[in-house]
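Inspection log for the structure reproduced underneath, given as structure tokens.
The values are calculated or read from the model by the stated rules, or taken from the named source; none is laboratory data. Since we're looking at a predicted model, the values are computed, not measured. All Cβ positions, even for glycine, are placed from backbone atoms using ideal geometry, and neighbour counts span all protein chains on display. For accessibility, only protein heavy atoms count, side chains too; no ligands or nucleic acids. Shrake-Rupley method; radii C 1.70, N 1.55, O 1.52, S 1.80 Å.
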Amino acid sequence: MKNDPMKKIADALLGAESIDIVTHIMMDGDAIGSAVALCLALRKEGKTANVIIEDSIAEYLQFLEYGCVTDVAEAEGSGDICVALDCGTKSRFPKRSDILDSAKLRICVDHHQTTEPIADLNYIEPESAATGELVYALIKEMGTEIDKDIASCIFAAIATDTGNFMYSNTTKRSHEVVIDLYDTGFDAYSVSVQLYENEPYRKIALHGDVVSRAERLADGKIIMAKVSRELLESHGADFEDTEGIVSILRSISGVEAAALVKEKKKDEIKVSLRSKEYVDVAKVASGFEGGGHKRAAGCTIRKDLDSAYEEIKTALVKETCRG
Ligand code: 5GP
Ligand code: MN
């Protein structure tokens, strides 16, 4: 698929009066950071702009709201334009897909490998480490001055999706964007502390517990763990508190592929997959109608926790031990 020029997207936004922005459920730093950065930039241009959400924002990301966020229940909808950011499948924003479809013009800006075009104007770049990089390019194209708040959001987006500039998706451009953000005088340290050193105790205790129960397979090349509702409750933890566990699993020496199988609700199992060098976890996820990137992907399985765990195990062993 050929991308529409960024200029065409920027011109469309500058020509509109009201813009709704949506992103995927279970927002990560890239989703909320990209969405709020664009919203703030559009407001600077005198637009009516809002980020519409349908689920809660994890505690550690709430500092990125900057007064931009409205719940779908209170949203007016049918803006001139609806922009979908960091998500290219409607199943990832089910309660807001009508908002996208009822807009006069639909725009999608995303960096997911498995994305099919869902909008009238699309800019999909899987080589980008974060949607935040693309939103940065879009704001530059609009000619809007990036201020400290916008810089904080874009920095949070890129920092979280690159694992603090460590993951294989990190490029020269990821760093170049951040170099430019520094010129706004934003406080990168303060954003980093809010993102990484502001964890509730229950979350860290849960992480330790889950990791200590993990199963190691294929001579330690694969590591898997599960999180039941019962385990969450025993720690007084929320589902969002599982964020980060899968990265810890992958960080272990000798591990190539990691899976965290989480019971979101009864018979609604969310799976997070990660790999280090060669296993294509997006391929594994796509076998369960999920998707993502080669080194980070996910899916939802509508079965009980133990069955979902076994199915993922079979698929991951097959993909990891091929040839
Ligand atoms: P996470 O494990 O952090 O939830 O997701 C890892 C990556 O996979 C993210 O880029 C995310 O957008 C993508 N991903 C997670 N779950 C799904 C899913 O159910 N469907 C699709 N298409 N992508 C997903
Ligand atoms: Mn992203």
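Among the numbered conditions (1) open to solvent by less than 40 Å² (accessible area, probe 1.4 Å); (2) touching a residue at least 40 places away in the same chain (Cβ under 8 Å); (3) within 16 Å of ligand 1 (Cβ to nearest atom); (4) not assigned by TED's automatic domain parsing to the domain that holds SER247, the only one that SER168 does not meet is (1).
Checking each residue in the range 25-51 for being outside any helix (DSSP H, G or I), open to solvent by less than 10 Å² (accessible area, probe 1.4 Å) and either touching a Lys or Arg at 6+ places or on another chain (Cβ under 9 Å) or away from ligand 2 (no atom under 16 Å from the Cβ) (or both) picks out only ALA49.
Selection of first residues in the range 1-19 that are on the phi > 0 side of the Ramachandran plot and of second residues that are part of a helix (DSSP H, G or I) and open to solvent by 30 Å² or more (accessible area, probe 1.4 Å), restricted to Cβ pairs under 7 Å at least 6 apart or on distinct chains, gives an empty result.
Conditions (1) more than 16 Å from ligand 2 (Cβ to nearest atom); (2) over 15 Å from HIS24 (Cβ atoms), marked per residue:
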| site | (1), (2) |
| --- | --- |
| ARG106 | yes, yes |
| HIS112 | no, no |
| ALA129 | no, yes |
| TYR136 | no, yes |
| GLU141 | yes, yes |
| LYS148 | yes, yes |
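Can you name the strands (runs of 3 or more DSSP E) wholly within the range 205-314 that have at least 1 residues being surrounded by 23 or more Cβ atoms within 10 Å (Cβ to Cβ), outside the structural domain of MET26 (by TED's automatic domain parsing) and within 15 Å of ligand 1 (Cβ to nearest atom)? Result: 222-227, 257-265, 268-275, 296-301. If you filter the range 138-164 down to residues that are without any contact (Cβ under 8 Å) to a residue 40 or more places away in the chain and surrounded by 15 or more Cβ atoms within 10 Å (Cβ to Cβ), you find that the one that is nearest to VAL281 (Cα to Cα) is THR162.
A search for C-beta distances below 7 Å between a residue of the range 42-55 that is closer than 13 Å to THR70 by Cβ and any residue that is surrounded by 17 or more Cβ atoms within 10 Å (Cβ to Cβ) and hydroxyl-bearing (Ser, Thr, Tyr), counting only pairs 6+ apart in sequence or on different chains, returns THR48/SER18. Scanning the range 70-89 for residues that are assigned to a strand (DSSP E or B), away from ligand 1 (no atom under 16 Å from the Cβ) and surrounded by 23 or more Cβ atoms within 10 Å (Cβ to Cβ) yields ILE81, CYS82, VAL83. Kindly indicate whether any position in the range 98-109 is crowded, with 19+ Cβ neighbours inside 10 Å, touching a residue at least 40 places away in the same chain (Cβ under 8 Å) and assigned to a loop (DSSP other than H, G, I, E, B). Checking the range 98-109: at least one residue is crowded, with 19+ Cβ neighbours inside 10 Å, touching a residue at least 40 places away in the same chain (Cβ under 8 Å) and assigned to a loop (DSSP other than H, G, I, E, B).
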